[in-house]
Amino acid sequence: MAKRDIISIPDRLLRSKSAPVERVDDELRRLVDDMLETMYAAPGIGLAAVQVGVPRRLITLDVVGREDETKAPEPLVLINPKLLWTSDERATYEEGCLSIPEFYAEVERPAQVRVGYLDREGKPQVVEANGVLAVCLQHEIDHLNGKLFIDHLSKLKRDMVVKKFAKAAKQSGGKAM
Ligand code: K1U
Ligand code: ZN
């Protein structure tokens, strides 16, 4: 396992649509293991492959181990995740993003979701979620579609954040969004 670098805005890759995973094999499982190590080290409760520079439809999550440090890690790996259903009921949660460090904001999303995916053995699975798991699943699936949580905010707030990170990237010679 190896920890990978997490890209941050304004890297243009974060705005690309990730391609479906075609084969669930040992190479993909190595990427999964690297993503889990990267996510736990960050620390984060979720990670999309595109955040480590691999635009494939693959996400990792663990909302349990982070909420209660006495609990054992409960990693979730979702390959080609698809939102099958979202509730009409909505909920607000303060979100962060490892690709937009140190910025947090309240986002409103459907409160419950049902997601279909392949597990790390390539077996089809369905997960139903509410609470922070539902929030995190939607946040990570957004990443696979080139969408960031700041896109759910007002244009004024989003522009402020993008400008701040673009300025910092320019000063350090990074890529524009
Ligand atoms: O996708 C990402 O950028 C990871 C992100 C996931 C996320 C957080 C909050 C709401 C929705 C999705 C993070 O993990 S940011 C870090 C974070 O929230 C956290 C870190 C340590 C302990 C608890 C939370
Ligand atoms: Zn994120």
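Some values worked out for this structure:
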{"item": "Residues of the stretch 8-30 classified as under 26 Å from ALA169 (Cβ atoms) and surrounded by fewer than 18 Cβ atoms within 10 Å (Cβ to Cβ), total", "result": "7"}
{"item": "Members of the stretch 90-108 that are part of a strand (DSSP E or B) and either among the small types (Gly, Ala, Ser) or touching a residue at least 40 places away in the same chain (Cβ under 8 Å) (or both)", "result": "ALA91, TYR93, GLU95, ALA105, VAL107, GLU108"}
{"item": "Evaluation of THR60 against (1) more than 16 Å from ligand 2 (Cβ to nearest atom); (2) in contact with a helix residue (DSSP H, G or I) (Cβ under 6 Å, 6 or more places away or on another chain); (3) hydroxyl-bearing (Ser, Thr, Tyr) (one fails), failing number", "result": "(1)"}
{"item": "Residues within the stretch 84-103 that are touching a Gly at 6+ places or on another chain (Cβ under 7 Å) and within 8 Å of ligand 1 (Cβ to nearest atom), tallied", "result": "1"}
{"item": "Which numbered condition ALA129 misses (of (1) at pLDDT below 95; (2) among the hydrophobic types (A, V, I, L, M, F, W, C); (3) more than 14 Å from ligand 2 (Cβ to nearest atom))", "result": "(1)"}
{"item": "Selection count, the stretch 31-52, where residues are within 14 Å of ligand 1 (Cβ to nearest atom), surrounded by 13 or more Cβ atoms within 10 Å (Cβ to Cβ) and either farther than 18 Å from LEU137 by Cα or hydrophobic (A, V, I, L, M, F, W, C) (or both)", "result": "10"}
{"item": "When residues of the stretch 1-52 are limited to those that are of a type in the set (Gly, Ala, Ser) and in a loop (DSSP other than H, G, I, E, B), the one farthest from ALA166 (Cα to Cα)", "result": "ALA2"}
{"item": "Checking GLN138 against (1) within 15 Å of ligand 2 (Cβ to nearest atom); (2) assigned to a loop (DSSP other than H, G, I, E, B), the condition it does not meet", "result": "(2)"}
{"item": "Residue pairs meeting the criteria (Cβ under 6 Å; at least 6 apart or on separate chains; first under 11 Å from PRO75 (Cα atoms) and modelled with pLDDT of 95 or more, in the stretch 24-42; second within 16 Å of ligand 2 (Cβ to nearest atom) and open to solvent by less than 50 Å² (accessible area, probe 1.4 Å))", "result": "MET35/LEU47; MET35/THR60; LEU36/THR60; MET39/LEU47; MET39/THR60"}
{"item": "Residues within the stretch 53-73 that are open to solvent by 20 Å² or more (accessible area, probe 1.4 Å) and in a helix (DSSP H, G or I), tallied", "result": "3"}
{"item": "In the stretch 21-76, the residues that are under 23 Å from GLY116 (Cβ atoms) and among the basic types (Lys, Arg)", "result": "ARG23, ARG29, ARG56, ARG57"}
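Rundown of residues vs (1) within 16 Å of SER8 (Cα to Cα); (2) modelled with pLDDT under 95; (3) within 16 Å of ligand 2 (Cβ to nearest atom), yes/no style:
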site	(1), (2), (3)
ALA105	no, no, yes
ARG120	no, no, no
ILE150	yes, no, yes
LYS155	no, no, no
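Conditions tested, residue by residue: (1) surrounded by 14 or more Cβ atoms within 10 Å (Cβ to Cβ); (2) within 20 Å of ALA49 (Cβ to Cβ); (3) not hydrophobic (A, V, I, L, M, F, W, C).
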| site | (1), (2), (3) |
| --- | --- |
| ILE79 | yes, yes, no |
| THR92 | no, no, yes |
| LEU98 | yes, yes, no |
| GLU121 | no, yes, yes |
| VAL126 | no, no, no |
| VAL135 | yes, yes, no |
| LYS147 | yes, yes, yes |
| LEU156 | no, no, no |
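The values are calculated or read from the model by the stated rules, or taken from the named source; none is laboratory data. Just so you know, these numbers come straight off a predicted model, no measurement behind them. Quick reminder, even Gly has a Cβ in these numbers, built from the backbone with ideal geometry, and neighbours come from all protein chains shown. Just the protein is used for accessible areas: all its heavy atoms, side chains included, with ligands, DNA and RNA removed. Shrake-Rupley method; radii C 1.70, N 1.55, O 1.52, S 1.80 Å.
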